[in-house]
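The values are calculated or read from the model by the stated rules, or taken from the named source; none is laboratory data. This one's a predicted model, so the numbers in the text were calculated from it and none came from an experiment. Cβ placement follows ideal geometry from the backbone for every residue including glycine, while neighbour counts extend to all protein chains displayed. Heads up: the accessible areas ignore ligands, DNA and RNA and are worked out on the full protein's heavy atoms, side chains in. Shrake-Rupley method; radii C 1.70, N 1.55, O 1.52, S 1.80 Å.
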Amino acid sequence: MFEIKSSRFFEEKCRIGDKWCDADDSSVIEITNPATQQVIGTVPKVGARETARAIEVASVQGKEWASRTAKERHGLLKKWFSLIIDNQDELGQILVTEQGKPLAEAVKEVAYGASFIEWFAEEGRRAYGDIIPSGIPNTEIRVTKEPVGVVGIIIPWNFPSAMISRKVGAALAAGCSCVIKPAELTPYSAIALIKLAEEAGIPPGILNLVTGDPQVIGKELTTNPIVKKLSFTGSTAVGKLIMQQCSSTVKKVSLELGGNAPFIVFEDADLDAAVDGLMVSKFRNSGQTCVCANRIFVQAAIYDKFLAKLKQAVAKLIPGDGMADGSTQGPLINEQAVVKVEKHIQDMLDRGGKLVCGGKRHELGGTFFEPTIISEVQIGSLPCHEETFGPVAPLYKFATEEEAVTMANNTQYGLSAYFYSSDLERVQRVSSSLEDGIIGVNCGIISNEVSPFGGVKESGIGREGSKYGLDEYLNIKYTLFQYKAQNIKRRI
Ligand code: SIN
């Protein structure tokens, strides 16, 4: 049996420069395994002072990192990528122990995260600038890209490994140094990644890590003038606060916030493919992803048939400890998450929704929850306004394409949307009408390192992954060179 404490990647400390450290006042927070509710370890509960120290170290060490060639950084990032892949299974086990998802999913998350490091290792070598044809004789206009400097990185608990690599891969490739605050529930995956980064040769002080109270650490990261950029994945409410706090020093921000993904099944869809797509979109990580289907719109003519197929697929899900053979659904992260799911279900039922299966806490106890389907859900129910973040599939019925698109867009969120149709004209119409940053057409998984991940509306600012992800960590500098002394005529 895997024992997290015997892993060589396990450490109950923060990383500041080349030191593994405790909080100045020695206080700690306990970390529990959500499947067993057992305490698996502690991490320091640091405050503003230690965070400021980490920022200072990142600033000093970061200068040397920024001065290295893109090729050198590329080599070290590629090495880090290889070490992660070599240790994928153990990193997956650490992830399961602190977060709860099934081992197969955890191992895939580690590889998914590593793919961003590999991608950005390569993209970092292509941070091209421009020479712009000048309208002024004897001059040249040069545009270059430079690392923004120290980056504050705040990570959620639902993807404790991949969300770090996605941000840090880009930051390091761009030549930035980082201070990372992992979620207070899931710090060990982050610590393990830092250990491997240093084993790969990334110098201490480039990746610093602080654990503790999110508000205190977040305040320091968002207001300290040395931090030039803040990258956050989490709720829209917290994202708004971060944006507000970052305004005091006009930091660059990347915010990957909440979603409320519509999943539309048109009558001309391949229903088996749509069920497969929905299962992976809805039930991955027990429904705790910001891109998971939150509102499922099914056209009236195929509603009953689709529901019957979905019910069969959901019956095959196996809730259980992520380490147990065959389990496909881990526990929810904590009691608060279960209470929210219960509230959403009750609200849908109170408004006339019909419970098809599930609907309550699982007999395994703790925070395990039965995979749930509710049909005949009414517009106005809670999932119309907010993410459920749990294993609940609410089915709405619609008559026309126009109605489906209107309902899908009727939210302040705009991260991802999915739809299934075999009508090419409809595919074109609907994909351009949906107000979201990411659209999945006839597919339920849209995440990969080469595509731009991010939302519109209140789902965020900026993009992660892809060639666009690197720009989030670069400043553009324009230099006007004059090769011959002359008076440039004023045009304004
Ligand atoms: C998230 O839920 O925050 C990210 C999901 C993904 O990258 O697929």
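Here are a few things to note about the model shown:
- Residues of region 215-234 that are open to solvent by less than 50 Å² (accessible area, probe 1.4 Å) and closer than 19 Å to Pro156 by Cα: Ile217, Gly218, Glu220, Leu221, Thr222, Lys229, Leu230, Ser231, Phe232, Thr233, Gly234.
- Leu185, sole failed condition from (1) away from the ligand (no atom under 16 Å from the Cβ); (2) open to solvent by 10 Å² or more (accessible area, probe 1.4 Å); (3) within 26 Å of Thr51 (Cβ to Cβ): (1)
- Single residue of region 313-341 satisfying the filter (farther than 25 Å from Ile446 by Cβ, open to solvent by 10 Å² or more (accessible area, probe 1.4 Å) and assigned to a helix (DSSP H, G or I)) that is nearest to the ligand (Cβ to nearest atom): Gln336
- Identity of the residue in region 58-78, among the polar types (S, T, N, Q) and part of a helix (DSSP H, G or I), that ends up surrounded by the most Cβ atoms within 10 Å (Cβ to Cβ): Gln61
- Of residues in region 418-455 being away from the ligand (no atom under 16 Å from the Cβ) and in a strand (DSSP E or B), the one surrounded by the fewest Cβ atoms within 10 Å (Cβ to Cβ): Val441
- Being in a helix (DSSP H, G or I) and in contact (Cβ under 8 Å) with a residue 60 or more places away in the chain is a property that does not hold for Pro394.
- Residue within region 270-283 that is basic (Lys, Arg) and open to solvent by 30 Å² or more (accessible area, probe 1.4 Å) present: no
- Within region 142-166, the set of residues being away from the ligand (no atom under 16 Å from the Cβ), in a strand (DSSP E or B) and open to solvent by less than 30 Å² (accessible area, probe 1.4 Å) comprises Val143, Val150, Val151, Gly152.
- Residue in region 170-177 that is within 16 Å of the ligand (Cβ to nearest atom) and either at pLDDT 95 or above or crowded, with 23+ Cβ neighbours inside 10 Å (or both) present: yes
- Some residue of region 100-112 being farther than 30 Å from Val39 by Cα and either away from the ligand (no atom under 16 Å from the Cβ) or more than 17 Å from the chain's Cα centre (by Cα) (or both): no
- Residue in region 126-141 that is farthest from Pro182 (Cα to Cα), counting only those that are loosely packed, with under 14 Cβ neighbours inside 10 Å and among the charged types (D, E, K, R): Asp130
- Residues located in region 14-26, provided they are open to solvent by less than 90 Å² (accessible area, probe 1.4 Å) and either assigned to a helix (DSSP H, G or I) or touching a residue at least 60 places away in the same chain (Cβ under 8 Å) (or both): Cys14, Arg15, Ile16, Gly17, Ala23
- Residue list for region 223-260, filter: in contact (Cβ under 8 Å) with a residue 60 or more places away in the chain, of a type in the set (Val, Ile, Thr) and out of contact with any Lys or Arg (no Cβ under 9 Å at 6 or more places or on another chain): Ile226, Thr236, Ile242
- Scanning region 211-260 for residues that are in a helix (DSSP H, G or I), within 16 Å of the ligand (Cβ to nearest atom) and of a type in the set (Gly, Ala, Ser) returns Ala237, Gly239.
- Listed by first and then second residue, the pairs linking a residue in region 337-350 that is free of Cβ contacts under 8 Å to residues at least 40 places away in the same chain to a residue that is open to solvent by 10 Å² or more (accessible area, probe 1.4 Å), with Cβ atoms under 6 Å apart and 6 or more places separating them unless they lie on different chains, are Asp347/Leu382.
- Flag for Phe263 being open to solvent by less than 10 Å² (accessible area, probe 1.4 Å), within 16 Å of the ligand (Cβ to nearest atom), in contact (Cβ under 8 Å) with a residue 24 or more places away in the chain and under 12 Å from Cys443 (Cβ atoms): yes
- Residue ID - most open to solvent (accessible area, probe 1.4 Å), chosen from residues in region 284-305 that are in contact (Cβ under 8 Å) with a residue 60 or more places away in the chain and away from the ligand (no atom under 16 Å from the Cβ): Ala300
- Subset tally (residues that are among the charged types (D, E, K, R) and either closer than 9 Å to Gly169 by Cα or within 15 Å of the ligand (Cβ to nearest atom) (or both)) for region 113-123: 1
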